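Asks: Handing you this structure, nothing more for now.
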Amino acid sequence: LSVIHVLYVDDEPALLDLTRLYLERTGEFSVDTVLSAREALGKLKNGQYDVILSDYQMPEMDGIQFLQQIRKEGSILPFIIFTGRGREEVVIEAINSGADSYIQKGGNPRAQFADLEQKLRQTVRRSHAERALREAEARYRAIFQHSSDITWIIDKTGRITYDTPSSARILGYPAGSLIGRNPLEYISPDDRDRFQGFLVQVSDGKNPGAPLEVRMRRSDGGYLWVESVASHIPGVKDVDGIVVTTRLIEDRRQAEDALKKKHEELTAAFEQLTATEEELRQNYNELATSERKLAESEHLIRASEAYLRCVITDAREGITAYDTDM
């Protein structure tokens with residue numbers, strides 16, 4: 001931690017100075033001192049402090065009244081109260097009013113100051129941790145509340161215990177109406193077995209984050225394609241179950257369907273082209289065979305003509321040709 005800024009309120013000037021000198025000796029603490037709660041209220045309006053240390057018994061406004069006043073004004077600054085020994089009822093009232101701790105005056109001064117130093121340090125560290133946790137919770141809550149994705153928390157009984165507002169925007173159901181319902185009610189009957197198996201795998205630690213695509217039912221009865229991922233978070237306050245984050249993939253599915261249809265059309269066209277090419281190849285082969293046979297026939301004819309010409313030309317007998325009229 002950086003320097004811890006302390007506002008110390010007490011109507012005993014000597015104790016104020018002694019306590020301030022002790023705490024500031026190491027440089028870990030910076031102490032502002034005031035003699036009354038009224039003066040302290042003015043200091044709080046202008047100063048930045050990490051913790052308030054206040055005496056109980058003071059004139060005009062005692063330590064409990066001072067604590068109640070700053071809590072009424074909305075301050076959550078850590079508050080430690082000084083009280084005399086044997087004043088247990090003061091301690092109880094202080095704790096009930098929002099005090100973080102207390103220290104009893106008296107006894108060994110060295111032990112008392114050491115206890116004070118330790119409690120200041122612990123209280124401020126705890127306060128910083130709690131503030132960081134609150135800020136983280138507020139940040140994540142804002143993210144969930146304004147996320148375009150649907151986020152469900154499903155408990156051990158299989159019921160929805162948390163539902164983001166985006167669910168109402170996307171699916172059309174009234175806000176909060178899904179709480180306590182079975183998530184399978186909002187999954188297409190054709191996809192319910194897969195979704196149920198998906199949740200079981202996540203719960204058993206067998207799904208490392210693989211997404212699942214299903215159809216989710218809208219309030220009007222229609223279905224939307226969505227993609228869900230889930231994590232099992234057991235034993236965590238306000239969760240203790242399966243966190244399912246779901247986003248719309250309707251546009252992607254439509255694009256995929258259009259691409260699939262286009263692929264099928266191209267495949268059909270290619271198959272038709274292939275069939276046509278095969279038919280042309282067969283026709284070409286048949287034509288080539290016919291041409292080859294024709295060439296062979298022409299060759300035989302020419303050979304026969306040549307043979308006959310030789311026979312006629314070389315014949316020793318006279319040869320006369322008559323027509324049908326003699």
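The values are calculated or read from the model by the stated rules, or taken from the named source; none is laboratory data. Not measured: the values here are computed from a predicted model. Every residue, glycine as well, gets a Cβ built from its backbone with ideal geometry; the counts of neighbours run over all protein chains shown. The accessibility values were calculated without ligands, DNA or RNA, using every heavy atom of the protein model including side chains. Shrake-Rupley method; radii C 1.70, N 1.55, O 1.52, S 1.80 Å.
Asks: Quick one: count up the residues across the range 212-270 that are closer than 19 Å to residue 168 by Cβ and among the acidic types (Asp, Glu).
Replies: The number of residues fulfilling the criteria is 2.
Asks: Considering each residue of the range 108-146, count those that are open to solvent by 70 Å² or more (accessible area, probe 1.4 Å) and either among the aromatic types (Phe, Trp, Tyr) or under 22 Å from residue 98 (Cα atoms) (or both), and give that number.
Replies: 12
Asks: Could you give every pair whose Cβ atoms fall below 6 Å, whose first residue belongs to the range 90-103 and is closer than 13 Å to residue 78 by Cβ, and whose second residue is open to solvent by 30 Å² or more (accessible area, probe 1.4 Å), counting only separations of at least 6 or pairs across chains?
Replies: Pairs found: 94/102; 98/71; 101/119.
Asks: What number of residues within the range 33-72 are among the aliphatic types (A, V, I, L, M) and within 16 Å of residue 20 (Cα to Cα)? Steps first, answer last, please.
Replies: Step one: of the range 33-72, the residues among the aliphatic types (A, V, I, L, M) are 34-35, 37, 40-41, 44, 51-53, 58, 61, 64, 67, 70.
Filter once more, so that each one left must be within 16 Å of residue 20 (Cα to Cα): 34-35, 40, 51-53.
The total comes to 6.
Asks: Please go through the range 11-47 and pick out each residue that is farther than 19 Å from residue 123 by Cβ and hydroxyl-bearing (Ser, Thr, Tyr).
Replies: 36, the sole residue that qualifies.
Asks: Is there a residue in the range 190-207 that is of a type in the set (Val, Ile, Thr), at pLDDT below 95 and buried (at least 19 other Cβ atoms within 10 Å of the Cβ)?
Replies: Of all residues in the range 190-207, those of a type in the set (Val, Ile, Thr) come to 200, 202.
Okay, now just the ones that are also at pLDDT below 95, so 200, 202.
Adding the requirement that they be buried (at least 19 other Cβ atoms within 10 Å of the Cβ) leaves 202.
Yes, the conditions are met somewhere in the range 190-207.
Asks: Report, by residue number, each residue of the range 151-173 that is in a strand (DSSP E or B) and either open to solvent by 20 Å² or more (accessible area, probe 1.4 Å) or at pLDDT below 90 (or both).
Replies: Here is the first cut: in the range 151-173, the ones in a strand (DSSP E or B) are 151-154, 160-163.
Correct list: 161, 162, 163.
Every residue, every condition in (1) within 30 Å of residue 212 (Cβ to Cβ); (2) open to solvent by 100 Å² or more (accessible area, probe 1.4 Å); (3) modelled with pLDDT of 80 or more, yes or no:
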| site | (1), (2), (3) |
| --- | --- |
| 251 | yes, yes, no |
| 254 | yes, yes, no |
| 258 | yes, no, no |
| 267 | yes, no, yes |
| 272 | no, yes, yes |
| 278 | no, no, yes |
| 281 | no, yes, yes |
| 288 | no, no, no |
| 293 | no, yes, yes |
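Asks: Quick check on this structure: which one of 60, 93, 117, 73 is of a type outside the set (Val, Ile, Thr), farther than 30 Å from residue 166 by Cβ and touching a strand residue (DSSP E or B) at 6+ places or on another chain (Cβ under 9 Å)? Reasoning before the result, please.
Replies: Details: 60 fails: touching a strand residue (DSSP E or B) at 6+ places or on another chain (Cβ under 9 Å); 93 fails: touching a strand residue (DSSP E or B) at 6+ places or on another chain (Cβ under 9 Å); 73 fails: touching a strand residue (DSSP E or B) at 6+ places or on another chain (Cβ under 9 Å).
From the options 60, 93, 117, 73, the qualifying one is 117.
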